[in-house]
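Undergrad: Have a look at this one before I ask anything.
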Amino acid sequence: MLKLFTSKEYLKPEFRKLIFPVLLDLHFYENSSLNKYYRIEGELRNANIVVIPIDINYFFKKKQKKILSEMINKGLGAKKPVWVYTSGDYGKTLDMPVYTFRLGGFDSRVSEKTFIVPALIQDPYNTVFKDLSFTTVEKSSKARIGFVGHAGGGQSYFKELLNYCKENLKNSLSGFYHDYQEFFPSTFKRGKILKTLEKSDSLKCNFILRDQYRAGATTEENRARTEREFFHNIFENLYTFCMRGTGNFSIRFYETLACGRIPVVIQTDFRFPLPWLPWQDHCVITSPEKIEEDLINFHNSHSEEKLQSTQLRNRNLWQKYLSREGFFIELHSYFIKKGDVH
């Protein structure tokens, strides 16, 4: 068991949305499975790990960097590993020897002590697919790839550029609460790739391209409808196109695995969560220039039996490793084996 020391004054309802994910389960939900692997320890000297209790971006926004530094230095001074969590599309990098947990980032830029936290989604078979049980789809003569979402043309490029400039100005005026990131017009790039794929005679494309996020749904009824369209598209197609958004990660990637289908992932220098897992066995990892070629080669080189097995393994992968519970249970094993805790 790993004993976690944290500043308990932040374990209050007003900070709930900012809480380090594992503390959310241990303190607010009292997760019985995770309680077998972790517990919150009241004394620093008895702890294995020091956890900064809330999203570190908060301390930068509130101009409380000194408080953050004091908490981190207290842990480092006691020769304990320190875990910090940074949320949002960009995240925040600290120039300190801490373990950083974040949703995205660039593999070539972040340290070896950086862990990508999977998007902690609900199981679609408990929400959208209540009337369905998990089944696999059969291999078709042509690779069948799906996508539902925001994918625009030239107009979206300028809208994204404007939003990018606004966000960077806000970030600079607020003391840089997140990392700087180069402009990446994800909606525009996504639309360009998908419209090229639609012209292929060698693929079966099942795309619903929207000019607004979630088709601009504003009512609960419309949000539920667009969510059903989104997940049923994943469910019905063997492959789903997945590329980063504003941040360098794709929530759709995790949603595809949760549905037990095969993500087609555009590599943009992102880091996979739990990078020691054999990700190349679970998805097609490709580039904008080679996506058609790589998808066709993958599809043709895998038998019906292999593709059925991959779908089952992807569903199991998500259940075992990519839920909040599963992710932190696997991390428990990693840190125990690494021997960085005492």
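Undergrad: Taking strands (runs of 3 or more DSSP E) that do not extend beyond the range 231-342, which have at least 3 residues that are over 30 Å from L23 (Cα atoms) and either open to solvent by less than 10 Å² (accessible area, probe 1.4 Å) or touching a Leu at 6+ places or on another chain (Cβ under 8 Å) (or both)? Break it down into steps so the answer makes sense when it comes.
TA: Numbers: elements: 239-242, 262-266, 284-286.
Because the criterion is at least 3 residues that are over 30 Å from L23 (Cα atoms) and either open to solvent by less than 10 Å² (accessible area, probe 1.4 Å) or touching a Leu at 6+ places or on another chain (Cβ under 8 Å) (or both), the strands (runs of 3 or more DSSP E) in the range 231-342 that meet it are 239-242, 262-266.
Undergrad: Look through the range 174-206, keep the residues that are open to solvent by 30 Å² or more (accessible area, probe 1.4 Å) and among the hydrophobic types (A, V, I, L, M, F, W, C), and return whichever of them is farthest from the chain's Cα centre (by Cα). Walk me through how you get there before you give the answer.
TA: Residues of the range 174-206 that are open to solvent by 30 Å² or more (accessible area, probe 1.4 Å), as a first pass: 174-176, 179-180, 182-184, 188-189, 192, 195-196, 198-199, 201-202, 204-206.
The next check asks that each one be among the hydrophobic types (A, V, I, L, M, F, W, C); those that pass are 176, 183-184, 188, 205.
Values: F176: 22, F183: 20, F184: 18, F188: 21, C205: 25 Å.
Per the criteria, the residue is C205.
Undergrad: Residues T93, T86: which one is open to solvent by 30 Å² or more (accessible area, probe 1.4 Å), on the phi < 0 side of the Ramachandran plot and of a type in the set (V, I, T)? Working first, answer last.
TA: On the way: T86 fails: open to solvent by 30 Å² or more (accessible area, probe 1.4 Å).
The unique qualifying residue is T93.
Undergrad: If I ask for residues that are open to solvent by 60 Å² or more (accessible area, probe 1.4 Å), free of Cβ contacts under 8 Å to residues at least 60 places away in the same chain and more than 30 Å from K199 (Cα to Cα), which ones from the range 112-145 would you list?
TA: Within the range 112-145, E112, K113, Q122, N126, K130, D131, S133 meet the criteria.
Undergrad: How many residues does the range 32-47 contain that are free of Cβ contacts under 8 Å to residues at least 60 places away in the same chain, in a loop (DSSP other than H, G, I, E, B) and not aliphatic (A, V, I, L, M)?
TA: In the first step, residues of the range 32-47 are kept if they are free of Cβ contacts under 8 Å to residues at least 60 places away in the same chain; the result is 32, 35-36, 39-47.
Those left that are additionally in a loop (DSSP other than H, G, I, E, B): 32, 42-43, 47.
From the residues that got through so far, the ones that are not aliphatic (A, V, I, L, M) too are 32, 42-43.
Counting residues in the range 32-47 that are free of Cβ contacts under 8 Å to residues at least 60 places away in the same chain, in a loop (DSSP other than H, G, I, E, B) and not aliphatic (A, V, I, L, M) gives 3.
Undergrad: Here's a check for you: in the range 79-103, which residue that is under 16 Å from the mean Cα position of the chain (by Cα) and of a type in the set (K, R) is modelled with the lowest pLDDT?
TA: If we filter the range 79-103 for residues that are under 16 Å from the mean Cα position of the chain (by Cα), which is where we start, we get 85-92, 100-103.
Restricting the remaining residues to those that are of a type in the set (K, R) gives 92, 102.
Details: K92: 94, R102: 97.
The extreme case among them is K92.
Undergrad: Then there is this: Within the range 10-20, restricting attention to residues that are touching a residue at least 12 places away in the same chain (Cβ under 8 Å) and either acidic (D, E) or part of a loop (DSSP other than H, G, I, E, B) (or both), which residue is surrounded by the fewest Cβ atoms within 10 Å (Cβ to Cβ)? Steps first, answer last, please.
TA: Of the residues in the range 10-20, the ones touching a residue at least 12 places away in the same chain (Cβ under 8 Å) are 10-11, 15-16, 18-20.
Next, from what is left, pick out any that are either acidic (D, E) or part of a loop (DSSP other than H, G, I, E, B) (or both): 11, 20.
Working: L11: 19, F20: 25.
Per the criteria, the residue is L11.
Undergrad: Checking Y157 against (1) open to solvent by less than 70 Å² (accessible area, probe 1.4 Å); (2) in a helix (DSSP H, G or I); (3) hydroxyl-bearing (S, T, Y), which single condition isn't satisfied?
TA: Of everything listed in (1) open to solvent by less than 70 Å² (accessible area, probe 1.4 Å); (2) in a helix (DSSP H, G or I); (3) hydroxyl-bearing (S, T, Y), Y157 misses just condition (1).
Residue-wise test of (1) open to solvent by less than 70 Å² (accessible area, probe 1.4 Å); (2) touching a strand residue (DSSP E or B) at 6+ places or on another chain (Cβ under 7 Å); (3) touching a residue at least 60 places away in the same chain (Cβ under 8 Å).
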site	(1), (2), (3)
I49	yes, yes, yes
P53	yes, yes, no
K61	no, no, yes
S69	yes, no, no
P81	yes, yes, yes
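Undergrad: Counting only residues that are more than 24 Å from the chain's Cα centre (by Cα) and within 15 Å of E9 (Cα to Cα), which one in the range 21-43 is surrounded by the fewest Cβ atoms within 10 Å (Cβ to Cβ)?
TA: Result: E43.
The values are calculated or read from the model by the stated rules, or taken from the named source; none is laboratory data. Computed from a prediction, not measured in an experiment: that's the story for all the values here. Neighbour counts run over all protein chains shown; Cβ positions are idealised from the backbone, glycine included. Ligands, DNA and RNA are excluded from the accessible area calculation, which covers all protein heavy atoms including side chains. Shrake-Rupley method; radii C 1.70, N 1.55, O 1.52, S 1.80 Å.
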